[in-house]
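The values are calculated or read from the model by the stated rules, or taken from the named source; none is laboratory data. Keep in mind that what you see is a predicted model, and the values were worked out from it rather than measured. Because the Cβ atoms are built from the backbone with ideal geometry, glycine has one as well, and the counts that use them run over all protein chains shown. All accessible areas refer to the heavy atoms of the entire protein, side chains included, with ligands and DNA or RNA removed. Shrake-Rupley method; radii C 1.70, N 1.55, O 1.52, S 1.80 Å.
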Amino acid sequence: MLQVAFIRDHKEDVINRLAKRNFDATEMIEEAIALDEERRSTQTKLDNAKADSNALSKEIGNLFKSGEIQKANLLKEKTTQIKEHTKELEQHLNNTIESLDQVLYKIPNVPNDIVPAGNTDEDNEETFREGDIPKLYEGALPHWELAKKYDIIDFELGNKITGAGFPVYKGKGARLQRALITYFLDKNTEAGYTEYQVPHLVNEASGFGTGQLPDKEGQMYHVTEDNLYLIPTAEVPATNIFRDTLLNESELPISITGYTPCFRREAGSYGAHVRGLNRLHQFDKVEILRVEHPDQSYKALEGMVEHVKMILKELKLPYRILRLCGGDLGFTSALTYDFEVFSTAQDRWLEISSVSNFETFQANRLKLRFKNNDGKNELCHTLNGSSLALPRVLAGILENCQTEDGIKIPEVLLPYTGFDMIS
RNA sequence: GGAGAAAUGGCAGAGUGGUCGAAUGCGGCAGUCUUGAAAACUGUUGAGGGUCACACCUCCGGGGGUUCGAAUCCCUCUUUCUCCGCCA
């Protein structure tokens, strides 16, 4: 969430920049500023009331000690009034904070200046494209047909065991997926990211820390018995490593990577858009995450984009990079680059990575700060991205690397798969 | 799952109703000594809010309560440890 102080000091700017999301924040911002005003003045009143009662208590203590019981009892009576007043103020303060938070939760992050205006994914700005779209043989198949033909992914079996959106990978399909996971993790650790294995279920506080809660609980599977949530992305547990943390400036930057399955309840779309591996309830993803000094975060974002580019180039997949427009930008992000691989047989682009700078938006809620060289506490910037999301990379490989004789495995993966062809 | 014990500053560890934001030790920082370092000695050293700066307020696992006053008493939750049971 945004910092109130920032909203107060940059009111017009915040409103104007949020307009890029087609988000009219005028009313909310007025409300937030008013509530904050109220919060601070109530806090001051409460502090003063407490100071009075502390002083009285001390006095009573001293009177008892020196045996002046009567005087002490007289003072005691005086405290009841202050106590009542304090209670009222406390109540009011809590209500005000609650209302203020409710408003702040609803305001999305302020887009970076270079975020293009626009409403939908049509308005995203392509910034880069690489890799040749292969000329496939006559009768080339979409990946779900290939999966069936070579018996490497079984969607029906998943239906039987669990339900739609939970595929079963078999034989070389399973091996290829594992190869990709290991390959991604190796690339990430080579680039300086520390590998983590994090829990796949998180508690309420964690869901709240990264913004899935409140409001967006519908996208997560909820284990009500224990009040835990299955993670929709490693971002949730990985970012919450840093909840309520005060770092030293020298500890920055922090770079971590981790592989997790991801669970998404979202009902999704229909037809070809959810066909095969295009959209699943459970999928695998390798995530990269950084905690940065505010001055360095955009440089870090570029670094992450370059890193993902390098991986896709090695895989020799045709892909493009989009700078998301205001309307398509995620709630918590200030700037996002999406990577899309071209699905030749489906003739469409599939999102395989999303790399974002959240600036202080997550850090504020997480209370993730660092002590700067002046000894002041400052919010860190957080960034994350996929590197990469498995199913669509798999789909991309199956479709783009298909030949009449079978699927030709990209060369960089050979040490990981141990085979060069799925036939 | 059952029985018991515990949770205090970066760490260790005292403190069981009133100058306790908290003894002491270690660690950190600064200084003395030294050519330099170590040792020794001296001083200093938690966080958040608030203020121009003070004042002041809050924080002894979380939440609630008793009391004029709570680290200290009560309730509750969480976590950790020991023992038993179960188990990949």
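Please work out if A:Gly303 is under 22 Å from the mean Cα position of the chain (by Cα) and open to solvent by less than 10 Å² (accessible area, probe 1.4 Å).
no
Can A:Ser387 be described as within 18 Å of A:Asp328 (Cβ to Cβ) and polar (S, T, N, Q)?
When the stated conditions are applied, A:Ser387 does not pass them.
Within segment A:1-36, restricting attention to residues that are closer than 21 Å to A:Leu379 by Cβ and small (Gly, Ala, Ser), the residue that is nearest to RNA strand B (Cβ to nearest atom) is A:Ala5.
Candidates in segment A:110-134 are the residues that are crowded, with 17+ Cβ neighbours inside 10 Å and in contact with a Gly (Cβ under 8 Å, 6 or more places away or on another chain); of these, the one that is farthest from A:Thr382 (Cα to Cα) is A:Gly118. Among the residues of segment A:278-303, those identified as outside any strand (DSSP E or B) and either in contact with a Leu (Cβ under 9 Å, 6 or more places away or on another chain) or under 28 Å from A:His222 (Cα atoms) (or both) are A:Asn278, A:Arg279, A:Leu280, A:His281, A:His293, A:Pro294, A:Gln296, A:Ser297, A:Tyr298, A:Ala300, A:Leu301. Mind checking whether some residue in segment A:37-44 is near RNA strand B (Cβ under 9 Å from one of its atoms), under 30 Å from A:Lys76 (Cβ atoms) and buried (at least 17 other Cβ atoms within 10 Å of the Cβ)? No, segment A:37-44 contains no residue that is near RNA strand B (Cβ under 9 Å from one of its atoms), under 30 Å from A:Lys76 (Cβ atoms) and buried (at least 17 other Cβ atoms within 10 Å of the Cβ). Within segment A:340-392, the residues that satisfy the criterion of being aromatic (Phe, Trp, Tyr), away from RNA strand B (no atom under 16 Å from the Cβ) and in a strand (DSSP E or B) are A:Phe342, A:Trp349, A:Phe358.
Taking the conditions exactly as written (touching a strand residue (DSSP E or B) at 6+ places or on another chain (Cβ under 7 Å) and within 30 Å of A:Glu292 (Cβ to Cβ)), does A:Asn377 satisfy them or not? Judged against the criteria, A:Asn377 is a match.
From A:Gly396, A:Gly375, grab the single residue that is surrounded by fewer than 24 Cβ atoms within 10 Å (Cβ to Cβ) and small (Gly, Ala, Ser).
Going through A:Gly396, A:Gly375 in turn, the sole match is A:Gly375.
The set of residues in segment A:315-339 being at pLDDT 95 or above and among the acidic types (Asp, Glu) consists of A:Asp338 alone. With the condition kept exactly as written, say whether any residue in segment A:409-417 is part of a strand (DSSP E or B) and either within 16 Å of RNA strand B (Cβ to nearest atom) or of a type in the set (Asp, Glu) (or both). No, segment A:409-417 contains no residue that is part of a strand (DSSP E or B) and either within 16 Å of RNA strand B (Cβ to nearest atom) or of a type in the set (Asp, Glu) (or both).
Condition test on A:Ser333, is it outside any strand (DSSP E or B), within 23 Å of A:Leu252 (Cα to Cα) and of a type in the set (Gly, Ala, Ser)? So A:Ser333 passes the test. Restricting attention to segment A:93-109, the residues being surrounded by fewer than 12 Cβ atoms within 10 Å (Cβ to Cβ) and part of a loop (DSSP other than H, G, I, E, B) number 0. For the residues A:Ala164, A:Ala140, A:Ala55, the requirement of being within 16 Å of RNA strand B (Cβ to nearest atom), modelled with pLDDT of 85 or more and of a type in the set (A, V, I, L, M, F, W, C) singles out A:Ala55.
Those helices (runs of 4 or more DSSP H) of segment A:135-254 in which 3 or more residues are surrounded by fewer than 19 Cβ atoms within 10 Å (Cβ to Cβ) and hydroxyl-bearing (Ser, Thr, Tyr) are absent.
Please verify whether A:Asn48 is more than 10 Å from RNA strand B (Cβ to nearest atom) and either open to solvent by less than 90 Å² (accessible area, probe 1.4 Å) or without any contact (Cβ under 8 Å) to a residue 60 or more places away in the chain (or both), treating the condition exactly as stated.
Considered against the rule, which asks whether it is more than 10 Å from RNA strand B (Cβ to nearest atom) and either open to solvent by less than 90 Å² (accessible area, probe 1.4 Å) or without any contact (Cβ under 8 Å) to a residue 60 or more places away in the chain (or both), A:Asn48 comes out as no.
Checking each residue in segment A:163-222 for being of a type in the set (A, V, I, L, M, F, W, C), over 19 Å from A:Lys106 (Cα atoms) and touching a residue at least 60 places away in the same chain (Cβ under 8 Å) picks out A:Ala164, A:Phe166, A:Leu176, A:Ala179, A:Leu180, A:Ile181, A:Phe184, A:Leu185, A:Ala191, A:Val198.
Would you point out which residue out of A:Arg365, A:Arg348 is surrounded by fewer than 24 Cβ atoms within 10 Å (Cβ to Cβ), in the same structural domain as A:Asp132 (by TED's automatic domain parsing) and under 19 Å from the mean Cα position of the chain (by Cα)? Going through A:Arg365, A:Arg348 in turn, just one is surrounded by fewer than 24 Cβ atoms within 10 Å (Cβ to Cβ), in the same structural domain as A:Asp132 (by TED's automatic domain parsing) and under 19 Å from the mean Cα position of the chain (by Cα): A:Arg365. State yes or no: is A:Val274 at pLDDT below 95 and either surrounded by fewer than 18 Cβ atoms within 10 Å (Cβ to Cβ) or under 28 Å from A:Gly131 (Cβ atoms) (or both)? Here the answer is yes, as A:Val274 does meet what is asked. The set of residues in segment A:74-92 that are near RNA strand B (Cβ under 9 Å from one of its atoms), open to solvent by 40 Å² or more (accessible area, probe 1.4 Å) and polar (S, T, N, Q) contains only A:Thr80.
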